[in-house]
1. Does at least one position in the range 398-418 carry a residue that is touching a Cys at 6+ places or on another chain (Cβ under 9 Å), within 19 Å of Ile94 (Cα to Cα) and buried (at least 21 other Cβ atoms within 10 Å of the Cβ)?
2. Pick out the one residue from Ala488, Ala502, Ala428, Ala437 that is in a strand (DSSP E or B) and in contact with a Leu (Cβ under 8 Å, 6 or more places away or on another chain).
3. Quick check: is even one residue across the range 462-472 in a loop (DSSP other than H, G, I, E, B), in contact with a Lys or Arg (Cβ under 9 Å, 6 or more places away or on another chain) and crowded, with 16+ Cβ neighbours inside 10 Å?
4. Here is a list: Val458, Val450, Val429, Val483. Which entry is at pLDDT 95 or above, under 16 Å from Phe242 (Cα atoms) and in contact with a Lys or Arg (Cβ under 6 Å, 6 or more places away or on another chain)?
5. Pull up the range 55-95, narrow it to residues that are touching a Lys or Arg at 6+ places or on another chain (Cβ under 7 Å) and not in a strand (DSSP E or B), then point me to the one that is nearest to Ala415 (Cα to Cα).
6. Restricting the search to the range 234-269, which residues are at pLDDT 95 or above, in a loop (DSSP other than H, G, I, E, B) and of a type in the set (S, T, N, Q)?
7. Are any of the residues in the range 148-165 surrounded by fewer than 20 Cβ atoms within 10 Å (Cβ to Cβ) and without any contact (Cβ under 8 Å) to a residue 60 or more places away in the chain?
Amino acid sequence: MSRIEQADLSQGAQAARAEEAAGASATAGADASRENTASASAGQEDAAGAVPVRVAVIGYGTAGVNALIALRRAGYAGDVHVFSDATTLPYSPILTSYYAGGEKAYEECFPWSADELACLGAEVHLDCPVTALDPTAHLIRTPQGDFTYEKCLIASGAHPSTAGFPATEGYEPLVLRTLDDACRLKRVLEGGACRRVLVSGASMVALKSLEACLRHDVTCTLVGMNPHVLDFNALPAAAERFERGLAAKGVELRLGQTIKSVEVASAEDTRDAVANDASTANASSCSVDTADANGMNTGAAAAAISGTAAPGKLTVTFSTGEADRFDEVIVAHGVRSNLGFLPQGALEADRALLVDEFMRTSDPDVYAAGDVAQALELVSGERRVVGIWKSAALQGACAGAAMAAELAGGAPEAADAYPGSIPTNTIAVLGTLFISAGSVEACEGRRVEVREDDDMTVVYVYEDADDGGERLVGFNVTCDEDVAGSRAYDTGAMLTLRIEAACR
């Protein structure tokens, strides 16, 4: 079994690892806390007025926490300062949609307890976003003051992008990334006034946002510019099966379309529209049974009769010229790395910060992990951003171990190098399951094979190998049922191992 497979980084396992590390490093954490207290009491500052710290961690998510665990596990007992723009303990972005949809309690979104984190002995600055990082001066600026560092880890994560959503005066669309975003969405869905939602985007975040709405019995429409859902993750045969599952749950799909404009209705317009819809419903009520029998009772009139489509406050016009009304719009147009505090050109970057096998950037004293890092991706052999929890955890741990070794006057061990990642994703929306891994881009030198049966579609992507044969580089599994331990999950696990073995 490979190191990737051995790293069970589910939320429960993460908490267990944090507890193990906390116990193993209790003495180191206590020593670090004493050092922090002594330093704070002395009020030591450098010549420029900045507080000197040995290790600075920008970001308090899974990459940052795993870096702390690795630092203490490696025996580093010095001070660590963590800077977070959040006001809470580290939470799992994976669980935000489940909280918004009512499947998880608020407390369940936090993988580590306050006691477990305290044992790591870090000085945590909450609600303290880094406003500037100067690698040349080894200087960090924050609202709570300036700090100089010996080693710095950038693990600041990413933020949702609303690029492509038309500017709309008087309306801010919903997004889903942070716990605050989930709280806002949950309030809207539970408020009683939201009955029709438009989800813009066809990514996994878009689909999990859609699921949260469906769990609150909200009528949903999904619009996406591509011809299929699951942007860049699914080939047509797998995507089409997933789309059939969405349609069976009452989701209207507007694929191959975009939002052209959004208008916010005035209170007077909304009252008039409600009155008009009520009049339409009353006028149509005498013929409801006949219309249903003839299959003609569709669209807005049918929804008005059923009482589920009171006109929304937003009039959305699509690229086709058609218009419809919604109460809210959720925008899921991808994410952008949180690097606004870094001057352009300060560190070598492409789509994110380029890092080596120990997560070091072009500045050997600055590391990066998680959504801000472009590290080795095994299928392509290139450095790419793989924005999943597992990769962020492994990268943070790798950076922590490397920093500890260098601060002790040594060099990182080859065995602690980042092993590389394979993109893997699993998503289920009200029972329809999708699993993918590797690269599913259909291009020259690759062959796509599709196998289907009554309840499952499997798509294999093979690539020409150097020995004249083929190697599996990616797959999709779509199943009509989401059952733990089922054939779909077994197939996904087996194919993932095949891809990994071919990359080693």
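1. No; the residues of the range 398-418 include none that is touching a Cys at 6+ places or on another chain (Cβ under 9 Å), within 19 Å of Ile94 (Cα to Cα) and buried (at least 21 other Cβ atoms within 10 Å of the Cβ).
2. Details: Ala488 fails: in a strand (DSSP E or B); Ala502 fails: in a strand (DSSP E or B); Ala428 fails: in contact with a Leu (Cβ under 8 Å, 6 or more places away or on another chain).
After ruling out the rest, the residue left standing is Ala437.
3. Restricting attention to the range 462-472, the residues satisfying the condition of being in a loop (DSSP other than H, G, I, E, B) are 465-469.
Going one step further and asking which of them are in contact with a Lys or Arg (Cβ under 9 Å, 6 or more places away or on another chain), we end up with 465.
Narrowing the set further to residues that are crowded, with 16+ Cβ neighbours inside 10 Å leaves none.
For the range 462-472, residues in a loop (DSSP other than H, G, I, E, B), in contact with a Lys or Arg (Cβ under 9 Å, 6 or more places away or on another chain) and crowded, with 16+ Cβ neighbours inside 10 Å: absent.
4. Values: Val450 fails: in contact with a Lys or Arg (Cβ under 6 Å, 6 or more places away or on another chain); Val429 fails: in contact with a Lys or Arg (Cβ under 6 Å, 6 or more places away or on another chain); Val483 fails: in contact with a Lys or Arg (Cβ under 6 Å, 6 or more places away or on another chain).
It is Val458.
5. First pass over the range 55-95, keeping only residues touching a Lys or Arg at 6+ places or on another chain (Cβ under 7 Å): 55, 69, 78-79, 93, 95.
Now restrict to residues that are not in a strand (DSSP E or B): 69, 78-79, 93, 95.
Details: Ile69: 17, Gly78: 24, Asp79: 26, Pro93: 30, Leu95: 32 Å.
Among those that are touching a Lys or Arg at 6+ places or on another chain (Cβ under 7 Å) and not in a strand (DSSP E or B), it is Ile69.
6. Gln257, Thr258
7. No, the range 148-165 contains no residue that is surrounded by fewer than 20 Cβ atoms within 10 Å (Cβ to Cβ) and without any contact (Cβ under 8 Å) to a residue 60 or more places away in the chain.
So that you can scan it fast, the table gives a plain yes or no per residue for (1) touching a Pro at 6+ places or on another chain (Cβ under 9 Å); (2) modelled with pLDDT of 50 or more:
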{"residue": "Val288", "(1), (2)": "no, no"}
{"residue": "Met296", "(1), (2)": "no, no"}
{"residue": "Ala302", "(1), (2)": "no, no"}
{"residue": "Ala310", "(1), (2)": "no, no"}
{"residue": "Val329", "(1), (2)": "yes, yes"}
{"residue": "His333", "(1), (2)": "yes, yes"}
{"residue": "Gly340", "(1), (2)": "no, yes"}
{"residue": "Val355", "(1), (2)": "no, yes"}
{"residue": "Asp365", "(1), (2)": "yes, yes"}
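The values are calculated or read from the model by the stated rules, or taken from the named source; none is laboratory data. Predicted model, so just to flag it, every value in this text is computed and none were measured. Please note: Cβ atoms are built from the backbone with ideal geometry, for glycine as well, and neighbour counts cover all protein chains shown.
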